[in-house]
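Down below is the structure, laid out as structure tokens.
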Amino acid sequence: QVQLVESGGGLVQPGGSLRLSCAASGFTFSRYTMSWYRQAPGKEREWVATISADDTTNYVDSAKGRFTISRDNAKNTVSLQMNSLKPEDTAVYYCKARNFITAYWGQGTQVIVSS
């Protein structure tokens with residue numbers, strides 16, 4: 001049974017940091033490209049960052065220099081370190097696993113950036 005379980009969300013002040021984690025099970029984690037997406041209230045889900053099986057990373061422009069995606073294949077986890085958070089980063093953050101055949105999604109973790 002495939003599972004992606006996000007954690008680490010919460011309320012943080014502007015300029016603060018959060019580290020999101022996604023624990024994966026039920027598939028060969030090391031062979032999958034892992035991504036983070038987010039969906040703000042009233043908006044469509046948008047891609048934030050990706051780390052491929054060979055550790056190549058990519059980020060949406062708004063996240064470059066502030067967010068860092070990483071993976072630990074030994075622990076089947078992918079993380080998103082978010083620094084210098086802004087109110088516009090407020091969203092539900094989702095973890096996604098994909099290969100050439102299929103994709104899996106987690107249930108999301110809420111991030112609220114507010115003073």
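The values are calculated or read from the model by the stated rules, or taken from the named source; none is laboratory data. Because the structure is a prediction, the values reported are computed rather than measured. Neighbour counts run over all protein chains shown; Cβ positions are idealised from the backbone, glycine included. Quick note on the areas: whole protein, heavy atoms, side chains included, nothing else; ligands and nucleic acids left out. Shrake-Rupley method; radii C 1.70, N 1.55, O 1.52, S 1.80 Å.
In sequence order, what are the phi-derived ³J(HN,Hα) couplings for segment 50-55 according to the Karplus relation 6.51 cos²θ - 1.76 cosθ + 1.60 with θ = phi - 60°, rounded to whole Hz, with x for glycine and proline?
Going residue by residue, I get 9, 10, 7, 4, 9, 6 Hz, with x marking Gly and Pro.
Any idea of the accessible area per residue across the chain, 1.4 Å probe, to the nearest Å²?
Here the per-residue accessible area is 54 Å².
Identify the trypsin sites (Lys or Arg not before Pro) of segment 44-77 meeting these criteria: DSSP loop state and at most 12 other C-beta atoms within 10 Å of the C-beta. It would help to have the intermediate numbers written out before the result.
Working: sites: ARG45, LYS64, ARG66, ARG71, LYS75; in loops: ARG45, LYS64, ARG66, LYS75.
The qualifying sites are LYS64, LYS75.
In segment 49-115, which chymotrypsin sites (Phe, Trp or Tyr not before Pro) are in a loop and have at most 10 other Cβ atoms within 10 Å, using DSSP for the loop call?
PHE100
Cα-based Rg (one decimal) and Dmax (whole number) for the chain, in Å?
So, for the chain, Rg and Dmax equal 13.4, 43 Å respectively.
Out of all DSSP beta bridges with both ends in the chain, state the antiparallel percent to the nearest 5.
About 95 percent, rounded to the nearest 5.
With the full set of protein chains in place, find how many percent of the accessible area of segment 42-113 is carbon and sulfur; take the probe as 1.4 Å.
Values: 1890 of 3990 Å².
Accessible surface attributable to carbon and sulfur in segment 42-113 totals 48 percent.
Assign unit charges at the C-beta atoms only (+1 for Lys and Arg, -1 for Asp and Glu), then state the dipole size of the chain relative to its Cα centre in Debye, rounded to the nearest 20.
Values: 12 positive and 9 negative charges, 17 e Å.
For the chain, the charge dipole is close to 80 debye.
Can you list the residues, at least 5 places off or on another chain, whose amide H is less than 5 Å from the amide H of VAL48, using H built in the peptide plane?
TRP36, TYR37, ARG38
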